[in-house]
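The values are calculated or read from the model by the stated rules, or taken from the named source; none is laboratory data. This one's a predicted model, so the numbers in the text were calculated from it and none came from an experiment. Glycine also receives a Cβ, built like all others from the backbone with ideal geometry; neighbour counts cover every protein chain displayed.
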Amino acid sequence: MGFKPDLTRRDVTPKAMFLNRRQIMAGAAGLSLTGLIGRQARAQDALEPNSMEEIAGYNNFYEFGTGKEDPAKYAHMLTTSPWSIEVGGMVDKPGNYSLDDILSGVDIEERIYRFRCVEAWSMVIPWNGFELNQLLDQVGVQSRAKYVAFETAYRPDEMPGVRFPVVEWPYVEGLRLDEAMHPLTIMATGIYGETIPNQNGAPIRLVVPWKYGFKSIKSIVKITLTDQEPPTTWNKANPREYGFYSNVNPNVDHPRWSQATERVIGGGIFAARKETQMFNGYEEQVASLYDGMDLSENF
Ligand code: MTE
């Protein structure tokens, strides 16, 4: 598909280098990063990433069960190689692309993002991944396209949780095209410079840091460009509680609990709750996407 062959999966930053670079960055305020992302990285310097144990031990991945520890127990059953993504809909170059093909044409970098779950807890995760806009540019998005729809693998033999109709399978999500093209939106393939653990969405998952965690769909097998707002799993399950946008917003409570504060995972049970920030702290970068929209209507 014309991906430039200069970077491969092996280029994810090794852990030691990553830690070293982070220390340098903390001192030099975003050294090698530029513009938007440079400012973002500096804003995140104050954040201490959670440990790999926390990140890979407390998960939502209902295909492997609804308990927070189920994904760590059962996600090893998922075969993640070979892997391919079917890209279709309003694109110039539809096709079934192997993950290796996709990765050979994108720039893998590290992004330390705050992650805010709709259940009012949060973590900080050092992802390795690439901007989704790189993939979309490669397949040629047609001008009629307005949205991007995503779909997770559905494999009853490898996913013990799909026996239970807790949500409709396969898990699906969607973004408006401008959200998908935003440089903060990444496809992640690693954490701490290591291959992404299966329970975190191996081999490739979406990460949208200004939205509640459930928008960040895991183990993606299908991406479709469309002119219609795509259905999303949690909106289908409970439209009163989960809207299409799902932007982190301390002023719009979930019908059953407050979104004003969050419990920081790893902070200990007696740690003070932290105030939730508008757009999860990424307001400067993304607020303009929603100019003129009533965010309590479009929640
Ligand atoms: N993707 C799929 N396919 N299935 C899921 O159950 N859970 C979502 C999201 N992506 C989910 C999913 C929810 S509710 C959250 S909070 C995040 O994944 C959790 O991501 P993490 O386990 O990497 O922290």
Which listed residue is more than 16 Å from the ligand (Cβ to nearest atom) and in contact with a helix residue (DSSP H, G or I) (Cβ under 7 Å, 6 or more places away or on another chain), from I112, I125, I102: I102
Residue ID - surrounded by the fewest Cβ atoms within 10 Å (Cβ to Cβ), chosen from residues in segment 188-208 that are away from the ligand (no atom under 12 Å from the Cβ), assigned to a loop (DSSP other than H, G, I, E, B) and of a type outside the set (S, T, Y): G193
Contacts under 6 angstrom Cβ, first residue in segment 61-87 being without any contact (Cβ under 8 Å) to a residue 60 or more places away in the chain, partner surrounded by fewer than 20 Cβ atoms within 10 Å (Cβ to Cβ), 6 or more apart: K68/Y58
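Condition first: within 30 Å of K274 (Cα to Cα) and touching a strand residue (DSSP E or B) at 6+ places or on another chain (Cβ under 6 Å). Can you find one or more residues in segment 91-111 that meet it?
yes
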Segment 170-184, residues that are in contact with a strand residue (DSSP E or B) (Cβ under 7 Å, 6 or more places away or on another chain) and either over 15 Å from N247 (Cα atoms) or more than 8 Å from the ligand (Cβ to nearest atom) (or both): P170, Y171, V172, G174, L175, R176, L177, A180, P183
Filter result (surrounded by fewer than 20 Cβ atoms within 10 Å (Cβ to Cβ) and touching a Lys or Arg at 6+ places or on another chain (Cβ under 8 Å)) within segment 136-153: G140, K146
Failed criterion for I265 (all others in (1) surrounded by fewer than 15 Cβ atoms within 10 Å (Cβ to Cβ); (2) at pLDDT below 95 hold): (1)
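Restricting to segment 154-176, name every residue that is in contact with a Leu (Cβ under 9 Å, 6 or more places away or on another chain), surrounded by fewer than 20 Cβ atoms within 10 Å (Cβ to Cβ) and not in a strand (DSSP E or B).
Passing the criteria: R155, E158.
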Odd one out for P250 among (1) within 12 Å of the ligand (Cβ to nearest atom); (2) more than 13 Å from the chain's Cα centre (by Cα): (1)
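In this structure, is I217 within 18 Å of Y58 (Cα to Cα) and not polar (S, T, N, Q)? Give the steps one after another, and end with the answer.
Working: within 18 Å of Y58 (Cα to Cα): yes; not polar (S, T, N, Q): yes.
In short, yes.
In the list P165, P183, P203, which residue meets the criterion of being free of Cβ contacts under 8 Å to residues at least 24 places away in the same chain and either β-branched (V, I, T) or out of contact with any Pro (no Cβ under 9 Å at 6 or more places or on another chain) (or both)?
On inspection, the qualifying residue turns out to be P165.
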